[in-house]
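The values are calculated or read from the model by the stated rules, or taken from the named source; none is laboratory data. From a predicted model like this one, the values you see are computed outputs, not experimental measurements. Positions of Cβ are backbone-derived with ideal geometry, glycine not excepted, and every protein chain shown enters the neighbour counts.
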Amino acid sequence: MAPNALDRGPGRAPDAEARAWIGQHDGAFGPWIAGSLRAGPDATAICSPASGSELARLTDASPADLADARTAAATAQPLWAALPGVERGRKLYDWAAEIAARETCLTQLLALETGRPVRACRRGLSAGLDALRQAAGSLLAGAADRPGHAPLGVVAPGPSFGPSFGLSLGRIAPALAAGNAVILAPGPADGKLAMLCLAEAAGTAGLPPGLLAVLPGAAGKLSDLAQPPVATLRGPCLHLVLEDADLDAAADGIAGMLGDPPPGTAGHWLLVQESVAERVHARLAGRMARLILGDPLDPATDLGPLPGTALRDRLTAALAETRGVTIQPLPRLPDRGAFMAPALITGLAPAMPEMETGLPGPVLLSLTFRTPAEAIRLANAPPPAPAASLWSETLSAALDLATTLEAGTVCVNGTDLDPAPDPLELWQRPAGLATARAVARPVAAAAVPSAALTTARRAQPGWAGRSTTERAAILNRAATRLAESAEAAAARLASAAGAAATASAAWTETPGRATLTRHRPLGVIGVLCPEICRQAAPVPAMTSILGPVLAAGNGALLHPGNAAEAEAEALIAALEAAGMPKGLVGIISGPRAALACGLAARVDLDALWCFGAGDLPEDLPARAAATGKALWLSEGGTSETWTGPGGASDLFRVAAGRRQTLRLSWGA
């Protein structure tokens, strides 16, 4: 007979501060615009996924609310940007202090509304506060005072990446620090009440009215606002387990992440070496059986409820239909709420439906591999993942795989997978490159020359595999060839080469962990050159763009304009004569608007940069977003932008790479 055991009793689950804050507003909320809430009559209920009970009623933003928020932001932003950086930094520090004073309320609101365990909510808020204080500190150090640069203006930091308060602040704080006004449109899983409390804290801290707006329900109506030229990584969270890993630690860490997924991830993939797959699966099943499912406000809870019963029903149906082997230990489930027992599906292949569509939630999809090279091919086959954990006790193997993975954040032997805050310079622009506003007219997509794109894609990995020093030497040789005929262009290539040769990854250490921040190339970038290419200075404009693109390890498809094709061919010939692979840069031609739409639709193109973008259709951002493409729309600027000192090279250099964070854990 098994020994007697005591059942675990429920822990205290206080929610008094969150309920009190909701009560202060009579349980009625609406958009936060110009420093006040606008609760309206057409409110819908916000219910707790753990109990199904109503928390509050919320009115989504109307078209009039959206117009008012834009007007208020456009009024507040120039005044905010005109403040000295030190003054903006002090305001942001005051906001951080106000958020810290509301920490308990905010974590309770997040747990109540999203169902995320309160431990995870508290950790996410702490990471967000660190990002806000870091942005404020950079202002005090003068980071935003860069001559020749200006804020983007009124920005929408993009859709929130899942229920992660930390990541939201990791984008909002740098945007505000750079002098922008911010409009947010939180979705159902983002914690709308917590976002409104965050905005209220900003008003209490003294941020100007209109500088920060929260518009629930308006996510699809902000696509025309300024965005930094970086792609949003979306996909599954990857877990790679090699045969020499500490299997117990790996199973414990991976199972624990089922209730606290990294921001932006949609489900979990497990890639485990074939020789240890059965042992890993057995350990995971045992650890999953011990997860505590329950009230998200209970400090002991590992896994809270799903956002709703619809997702639970979808996952349950997927488990019933899978061709894999489902392992689903059944821990005790609460009597009510949208709870689901965590599951592990083994015996899968990359082409199976589960792998192609993904299963968000506490479901782990397992693939096996024989060699590390095969693991990388499997991991890098889908679009780049936001996060990956990698488990190996061999440092050389771990670093080799970590630096090859196309993931935003990679943690070796750990689960610290939150992304780093955005660099402040992403939220500024050279003064000569104004944010473009595309025209409102339909345009049919033109065919993209597939041969040029295929050739560039084949050449790009080998180019990216060369050292930065070697790429810089090739650009310098090309600059020497251009020096006599195009002095300004030669200077731009030499500048890009120098920046690449002297660039270094940032390394920071904390007890038990080191963090390395490095830049990876995007791949192949489509570039529509500005109108100036058809006037007096085509080659300096092209080299201003191509220099940083090539220095970062990318390939390119270049649209120079009909009047500048000869100059573009001469430039490419000089680069190839200096040692650049043939076909790495291809020339394409055709009507700009139709060609831009065709490029936006190509899934095998990684980014699209359009300069002189006033003739492009307004739905171009939506077309690019559908293929997960980084899009940059900008007016062309004056000739000084392309031929004067400095120019836009710093921003090109940042935009031409994908920032990757590597975290290495150590300790006995």
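Observations on the model:
Conditions tested, residue by residue: (1) modelled with pLDDT under 90; (2) within 23 Å of the chain's Cα centre (by Cα); (3) buried (at least 18 other Cβ atoms within 10 Å of the Cβ).
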position	(1), (2), (3)
104	no, no, no
132	no, yes, yes
140	yes, no, no
149	yes, no, yes
157	yes, yes, yes
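- Looking only at residues in region 488-526 that are assigned to a loop (DSSP other than H, G, I, E, B) and not polar (S, T, N, Q), the one that is nearest to residue 574 (Cα to Cα) is 523.
For every residue, the table says whether it meets (1) closer than 30 Å to residue 156 by Cβ; (2) of a type in the set (A, V, I, L, M); (3) crowded, with 22+ Cβ neighbours inside 10 Å.
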| residue | (1), (2), (3) |
| --- | --- |
| 364 | no, yes, yes |
| 375 | no, yes, yes |
| 384 | yes, no, yes |
| 394 | no, no, no |
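- Test: residue in region 344-358 that is polar (S, T, N, Q) and within 29 Å of residue 51 (Cβ to Cβ): no
- Among the residues listed as 33, 46, the single one being under 28 Å from the mean Cα position of the chain (by Cα) and more than 18 Å from residue 113 (Cα to Cα): 33
- Conditions (1) assigned to a loop (DSSP other than H, G, I, E, B); (2) farther than 16 Å from residue 237 by Cα; (3) modelled with pLDDT under 90: number failed by residue 426: (1)
- Some residue of region 303-325 being part of a strand (DSSP E or B) and buried (at least 20 other Cβ atoms within 10 Å of the Cβ): yes
- All positions within region 263-284 that are touching a Pro at 6+ places or on another chain (Cβ under 7 Å) and surrounded by fewer than 19 Cβ atoms within 10 Å (Cβ to Cβ): 266
- Qualifying residue in region 270-290 (condition: without any contact (Cβ under 8 Å) to a residue 60 or more places away in the chain, closer than 26 Å to residue 376 by Cβ, out of contact with any helix residue (DSSP H, G or I) (no Cβ under 7 Å at 6 or more places or on another chain) and acidic (Asp, Glu)): yes
- Taking every residue in region 585-605 that is free of Cβ contacts under 8 Å to residues at least 60 places away in the same chain and pairing it with any residue that is not β-branched (Val, Ile, Thr), at least 6 positions away or on another chain, the pairs with Cβ-Cβ distances below 7 Å are 589/559; 589/562; 589/565.
- Taken over region 58-89, the criterion of being crowded, with 17+ Cβ neighbours inside 10 Å and either without any contact (Cβ under 8 Å) to a residue 60 or more places away in the chain or assigned to a loop (DSSP other than H, G, I, E, B) (or both) is satisfied by 59, 60, 61, 62, 68.
- A count restricted to region 115-153 and to residues that are among the small types (Gly, Ala, Ser), assigned to a loop (DSSP other than H, G, I, E, B) and farther than 18 Å from residue 257 by Cβ stands at 6.
- Of everything in region 341-355 that is more than 26 Å from the chain's Cα centre (by Cα) and touching a residue at least 60 places away in the same chain (Cβ under 8 Å), the residue that is surrounded by the fewest Cβ atoms within 10 Å (Cβ to Cβ) is 346.
- Enumeration of residues in region 354-380 that are part of a loop (DSSP other than H, G, I, E, B) and in contact with a helix residue (DSSP H, G or I) (Cβ under 9 Å, 6 or more places away or on another chain): 359, 360, 361, 362, 370
Rundown of residues vs (1) closer than 22 Å to residue 382 by Cα; (2) modelled with pLDDT of 75 or more; (3) surrounded by fewer than 23 Cβ atoms within 10 Å (Cβ to Cβ), yes/no style:
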position: 607; (1), (2), (3): yes, yes, no
position: 613; (1), (2), (3): no, no, no
position: 642; (1), (2), (3): no, no, no
position: 648; (1), (2), (3): no, no, no
position: 651; (1), (2), (3): no, yes, yes
position: 659; (1), (2), (3): yes, yes, yes
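- A count restricted to region 216-225 and to residues that are surrounded by fewer than 21 Cβ atoms within 10 Å (Cβ to Cβ) and under 18 Å from the mean Cα position of the chain (by Cα) stands at 3.
Listed here are the residues, each with its yes/no results for (1) touching a strand residue (DSSP E or B) at 6+ places or on another chain (Cβ under 8 Å); (2) modelled with pLDDT of 95 or more; (3) outside the structural domain of residue 415 (by TED's automatic domain parsing).
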position	(1), (2), (3)
257	yes, no, no
260	no, no, no
279	no, yes, no
286	no, no, no
328	yes, no, no
332	yes, no, no
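- Residues being within 19 Å of residue 121 (Cα to Cα) and assigned to a strand (DSSP E or B) - total across region 238-271: 3
- Test: residue in region 11-25 that is outside the structural domain of residue 295 (by TED's automatic domain parsing), over 30 Å from residue 304 (Cα atoms), buried (at least 18 other Cβ atoms within 10 Å of the Cβ) and at pLDDT 90 or above: no
- Breaking point among (1) among the acidic types (Asp, Glu); (2) surrounded by fewer than 18 Cβ atoms within 10 Å (Cβ to Cβ); (3) touching a residue at least 60 places away in the same chain (Cβ under 8 Å), for residue 260: (2)
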